[in-house]
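Heads up: the structure comes next, in structure tokens.
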Amino acid sequence: MRSRSIYRTGLAALVVLPLAACGGGEETAEGEIPSVTVSVTHPEDLYGLPWEVAREQGFFEDAGVQVEEIIPSEGGGTTLQNVVSGQLPFGEVATGAIVSGFNEGAPVRVIGGGIQSVADVSWVTLPDSDIESLEDTADATWGFTNPGSVTEAMSFLTPEGAGLDPTAIDRTATGGTGAGIALLEAGEVDLTYASPRVAIENADTLKVVGSSSDVVPLYQQTMIISSRDYAEENPEAAKAVLQGYSDAVQWITDNPEEAAEFWAGLADLEVDAAQGILDDALAADHWGVAYNPEALEAAEKALAYTDDLDEVNWGELLTDEFLPEGEKGTIP
């Protein structure tokens, strides 16, 4: 069995840490609620939207935790290591990084879902390319960002979902979105990953072939984790973080136009563009704290391709004890 280090790359990660910058429980004066700082990779993109909304709308405070600041984080593997070492109490980390660390013996426990779709994974080519759809890519070279990333997983599951043989596809790691576009322009790859935002911003020079969510209905991109000791010793903090996130997702669902306007301001996007991307995400059921077995099954299938894993022991890795009642989902 091939295994990757917990430093593997993920598309997104989030960390939540006490302002005192340690992983242990923090005592507060009677009547006060604990304060935390939230750190998100690409907080201006869809990854950070529920956390920003929960903070803006007061959902974290209502649930019993105060988020003082949202700052960028460094990535999935680093976040996982910091949680495991006790430096950070919580983290939203790419599923592949979590499974890899768990299989290596890291004392980590998943306490909730996160992003469960790939509505933010688009595939682009050049305007004069003969490729018009995902079904046209059997002989194409696919560019994904980095080994262990969601885009690598999608370079298998997307062609499979389009009716192609994923093991026969040529694919190459580009090193990042910008590098992938450069390789596309140089003729080294035939199509490459781009976020919907990048595709919109480069509409004159890139042609969108399709989104992974067109053929992969659900996929567990990220999950919210804690070290085993922290969540058990601070159950109310864990519950409050998950409740605030859940309330934010519901608010986005109920108020898509207001959410799009809010996100457009954060992301420096035109409101119409933000609305289109957000509508696609909502249609794909992009966020959710409840465990979705279909999304987890897709992640497990991807790990079979990328990491030669036979199965994932979700029962040992996941717990639903901190999730809101009625939003626990199903653990496979």
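What follows is calculated from the coordinates using simple rules that are stated; it is not laboratory data. Quick caveat, the model's predicted, so the values are computed rather than measured. Cβ atoms come from the backbone with ideal geometry, glycine included; neighbour counts cover every protein chain shown.
Report, to one decimal in Å, the Kirkwood hydrodynamic radius for region 137-180 based on all distinct Cα pairs.
In region 137-180 this quantity evaluates to 10.3 Å.
Which lysines have a Cα lying under 17 Å from the Cα of residue 239, excluding residues fewer than 8 positions away in the same chain?
328
Which order, highest average first, do 284-293, 116-125, 176-185 follow once you tally other Cβ atoms within 10 Å for each residue and take the mean per peptide?
Ranked from most to least packed, the peptides come out as 116-125, 284-293, 176-185.
Measure off 7 Å from each Cα along the Cα-to-Cβ vector at residue 32 and residue 170, then give the distance between these two points in nanometres to one decimal.
Here the modelled spin labels are 6.2 nm apart.
What shape does region 237-332 take by its C-alpha gyration tensor, where a ≥ b ≥ c are the square roots of the eigenvalues and a/c under 1.5 counts as rounded, a/b above b/c as prolate, and the rest as oblate?
The shape class here is oblate.
Among the aspartates and glutamates, select those whose C-alpha is under 13 Å from the C-alpha of residue 207, and discard any that sit fewer than 8 residues away in the same chain.
Leaving aside aspartates and glutamates fewer than 8 places away in the same chain, those within reach of residue 207 are 128, 130, 132, 185, 190.
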